[in-house]
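Asks: Have a look at the structure that comes next, please.
The values are calculated or read from the model by the stated rules, or taken from the named source; none is laboratory data. A quick note: this is a predicted structure, and the numbers were derived from the prediction, not measured. Neighbour counts run over all protein chains shown; Cβ positions are idealised from the backbone, glycine included.
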Amino acid sequence: MTDLLIKNIGILATPEGNGPKRGKEQGDIGIKKNVAIGITFGKISYIGDIEEAPAAKEVIDAKGSLVTPGLVDCHTHLVFGGWRQHEMELKLKGVPYLDILKAGGGILSTVEATRKATFDELYEKAKKLSLTMLRYGTTTIEAKSGYGLELETELKQLKVVQKLQEELPIDFVSTFMGAHAVSPEYKGRGEEFVDYLCNEVLPVVAGEKLAEYCDVFCETGVFDPGLSEKMLLKAKEYGLKLKIHADEIDPIGGGELAGRLGAASAEHLIAATDEGIRLMSKSGTIGVLLPATSFYLDKPFARARHMIDEGMAVACASDFNPGSSPNLNLQLAMNLACLRYKLTPEEALCAVTLNAASAIDRAGSVGSIELGKQADIIIWDAPDLNYIFYRYGSNLVDTVIKKGLVI
């Protein structure tokens, strides 16, 4: 007997496999009609005709709706103090982000607020935000630090994520991003700051097992490719896997660095060069694209179509953060992936499920609906896959199931 049976599924749409879909394969989505799903001990134990389904303790009627895997948000800056609505006027006047940063705004204003916030304040805020994301269908969340830029606050952020993992019905993946900006205490001394992170912060983060990945903001006015490489290589020595904010504003070589280092993912990639895309495709680096950020900042959109044509695996994420993408709804990123990247609905679904799970090394357990995988499932208020990309601005999730439990 199964614990839970979902019957009367109109369309089951899911990518399949335990790794990313690359190039043309990204659009290869399994479509099954009029099937049922059985769940036992939080895992998917049956997919097939309702007539042959085992008896179940609980039954949910999907009423002919679309069912997909739970969404995976593989790039967020979830834990922070304050907000940055005061920057709205500057954005409307066209003040560039890097100019806001130089004036002490941007990341640095959030750093100040995060340093002042207590652990409990950060936890309660992040908890509320996470539960909102869950209602939008996001069942797995990657969360970066990077609003401390010194040991105490970086650890505080990462420990908040650790507690969220213990307390909430969501899976979290932690990324250490101490190299998010140069700390105010090291203004004009970026190399010394990287040395501080490498010698004093990384050993503690790794020793306390507070992060799985290390990320760095490789960008003009922040960390050049040389300092970024130094940071990432040291992180690799400590056993952390590698991510990189690359080519968001200027093409300074972040994509090329990601490819040379074989980073798990390179994120943003708005200004990625042809050579960078070629190297990332060759190394297997997943391109994590953030269309809601381009939309909010009125910036160009990454060349997702070209990346897929070059054989890259493309994922999409919300980039939720208080400055450049204060948006918790991954469904909006899905809409924009179709409307601005020109991804097909099938490619876009893969980008926020299996490929996103692959970008955080979770594709063996989540990101698809297959026998033996964790039962992270969404029942949509939608008749088919096209509908959830056609509609925007509404939460089309009807029911969220996480690890076999109805949320």
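Asks: Condition (residue is in a loop (DSSP other than H, G, I, E, B), assigned by TED's automatic domain parsing to the domain that holds Thr114, at pLDDT below 95 and closer than 24 Å to Lys102 by Cβ) applied to the stretch 167-180: is it met by at least one residue? Step through it out loud before you land on a result.
Replies: So the first thing to find is which residues in the stretch 167-180 are in a loop (DSSP other than H, G, I, E, B), and the list is 168-170, 180.
When the remaining residues are screened for being assigned by TED's automatic domain parsing to the domain that holds Thr114, the result is 168-170, 180.
Within this subset, residues satisfying the condition of being at pLDDT below 95 are none.
No, the stretch 167-180 contains no residue that is in a loop (DSSP other than H, G, I, E, B), assigned by TED's automatic domain parsing to the domain that holds Thr114, at pLDDT below 95 and closer than 24 Å to Lys102 by Cβ.
Asks: Limited to the stretch 73-88, what total is found for residues that are closer than 18 Å to Ser318 by Cα and either touching a Pro at 6+ places or on another chain (Cβ under 7 Å) or among the charged types (D, E, K, R) (or both)?
Replies: 4
Asks: Looking only at the stretch 191-246, count how many residues are within 17 Å of Ala263 (Cα to Cα) and either aromatic (Phe, Trp, Tyr) or part of a loop (DSSP other than H, G, I, E, B) (or both). Lay out the reasoning, then the answer.
Replies: Step one: list which residues in the stretch 191-246 are within 17 Å of Ala263 (Cα to Cα), which gives 211-219, 223-246.
Within this subset, residues satisfying the condition of being either aromatic (Phe, Trp, Tyr) or part of a loop (DSSP other than H, G, I, E, B) (or both) are 211-213, 217, 219, 223-224, 238-240.
Here the count works out to 10.
Asks: Within the stretch 360-405, which residues are assigned to a strand (DSSP E or B), of a type in the set (A, V, I, L, M, F, W, C) and either under 28 Å from Lys144 (Cβ atoms) or not assigned by TED's automatic domain parsing to the domain that holds Lys7 (or both)?
Replies: First, the residues of the stretch 360-405 that are assigned to a strand (DSSP E or B): 374, 377-380, 397-402, 405.
So of that shortlist, the ones also of a type in the set (A, V, I, L, M, F, W, C) come out as 377-380, 397, 400-401, 405.
Selection gives Ile377, Ile378, Val397, Val400, Ile401, Leu405.
Asks: Ok, one more. Would the stretch 24-35 turn up any residue that is buried (at least 19 other Cβ atoms within 10 Å of the Cβ) and in a strand (DSSP E or B)?
Replies: So the first thing to find is which residues in the stretch 24-35 are buried (at least 19 other Cβ atoms within 10 Å of the Cβ), and the list is 26, 29, 35.
Those still in the list that are in a strand (DSSP E or B) too: 35.
Yes, some residue in the stretch 24-35 is buried (at least 19 other Cβ atoms within 10 Å of the Cβ) and in a strand (DSSP E or B).
Asks: Six or more apart or on different chains, Cβ under 8 Å: which pairs go from a residue in the stretch 254-281 that's over 15 Å from Asp309 (Cβ atoms) to one that's among the aromatic types (Phe, Trp, Tyr) and surrounded by fewer than 24 Cβ atoms within 10 Å (Cβ to Cβ)? Could you list them?
Replies: Ala264/Tyr213; Ile270/Phe301
Asks: Next question, about the same structure. Working only within the stretch 344-354, note down all residues that are in contact with a helix residue (DSSP H, G or I) (Cβ under 7 Å, 6 or more places away or on another chain) and surrounded by 24 or more Cβ atoms within 10 Å (Cβ to Cβ).
Replies: The first filter runs over the stretch 344-354 and keeps only residues in contact with a helix residue (DSSP H, G or I) (Cβ under 7 Å, 6 or more places away or on another chain), leaving 344-352.
If the condition is that a residue be in contact with a helix residue (DSSP H, G or I) (Cβ under 7 Å, 6 or more places away or on another chain) and surrounded by 24 or more Cβ atoms within 10 Å (Cβ to Cβ), then Glu347, Ala348, Leu349, Cys350, Ala351, Val352 are the ones that fit.
Asks: Follow-up. Can you name the residue in the stretch 236-276 that is crowded, with 24+ Cβ neighbours inside 10 Å and more than 20 Å from the chain's Cα centre (by Cα) and is also nearest to Leu289 (Cα to Cα) among such residues?
Replies: So the residue we want is Gly276.
Asks: To continue, here is another question. Select from the stretch 305-343 the residues that are farther than 25 Å from Leu279 by Cβ, touching a helix residue (DSSP H, G or I) at 6+ places or on another chain (Cβ under 7 Å) and assigned to a strand (DSSP E or B) and list them in ascending order.
Replies: Ser325, the sole residue that qualifies.
Asks: As an exercise: evaluate Ala302 against (1) in a loop (DSSP other than H, G, I, E, B); (2) hydrophobic (A, V, I, L, M, F, W, C); (3) within 22 Å of Ser174 (Cα to Cα) and give the number of the one condition it does not meet.
Replies: (3)
Asks: Looking only at the stretch 104-111, decide whether some residue is surrounded by fewer than 20 Cβ atoms within 10 Å (Cβ to Cβ) and modelled with pLDDT under 95.
Replies: Our first condition is that a residue be surrounded by fewer than 20 Cβ atoms within 10 Å (Cβ to Cβ); within the stretch 104-111, this holds for 104-105.
With the extra rule that they be modelled with pLDDT under 95, the set shrinks to 104-105.
Yes; the residues of the stretch 104-111 include at least one that is surrounded by fewer than 20 Cβ atoms within 10 Å (Cβ to Cβ) and modelled with pLDDT under 95.
Asks: Please determine, by comparing only the residues of the stretch 57-73 that are in contact with a Lys or Arg (Cβ under 9 Å, 6 or more places away or on another chain) and more than 17 Å from Gln374 (Cα to Cα), which one is surrounded by the fewest Cβ atoms within 10 Å (Cβ to Cβ).
Replies: Looking at residues that are in contact with a Lys or Arg (Cβ under 9 Å, 6 or more places away or on another chain) and more than 17 Å from Gln374 (Cα to Cα), I get Asp61.
Asks: Whether any residue in the stretch 386-397 is of a type outside the set (A, V, I, L, M, F, W, C) and touching a Ser or Thr at 6+ places or on another chain (Cβ under 7 Å) is what I want to check. Before you say what the answer is, go through the steps one by one.
Replies: Step one: filter the stretch 386-397 for residues of a type outside the set (A, V, I, L, M, F, W, C), giving 386-387, 390-395.
Remaining after also requiring touching a Ser or Thr at 6+ places or on another chain (Cβ under 7 Å): none.
No, the stretch 386-397 contains no residue that is of a type outside the set (A, V, I, L, M, F, W, C) and touching a Ser or Thr at 6+ places or on another chain (Cβ under 7 Å).
Asks: Taking the stretch 16-44, which residues are within 21 Å of Met307 (Cβ to Cβ) and free of Cβ contacts under 8 Å to residues at least 24 places away in the same chain? Steps first, please.
Replies: First, the residues of the stretch 16-44 that are within 21 Å of Met307 (Cβ to Cβ): 17, 19-29.
The answer is Glu25, and nothing else.
Asks: Go through the stretch 388-403 and report how many residues are surrounded by 16 or more Cβ atoms within 10 Å (Cβ to Cβ) and more than 21 Å from Glu58 (Cα to Cα). Even if it seems obvious, please write down each step before you answer.
Replies: First pass over the stretch 388-403, keeping only residues surrounded by 16 or more Cβ atoms within 10 Å (Cβ to Cβ): 388-389, 396-403.
Remaining after also requiring more than 21 Å from Glu58 (Cα to Cα): 388-389, 396.
Going through the stretch 388-403 one residue at a time, the tally reaches 3.
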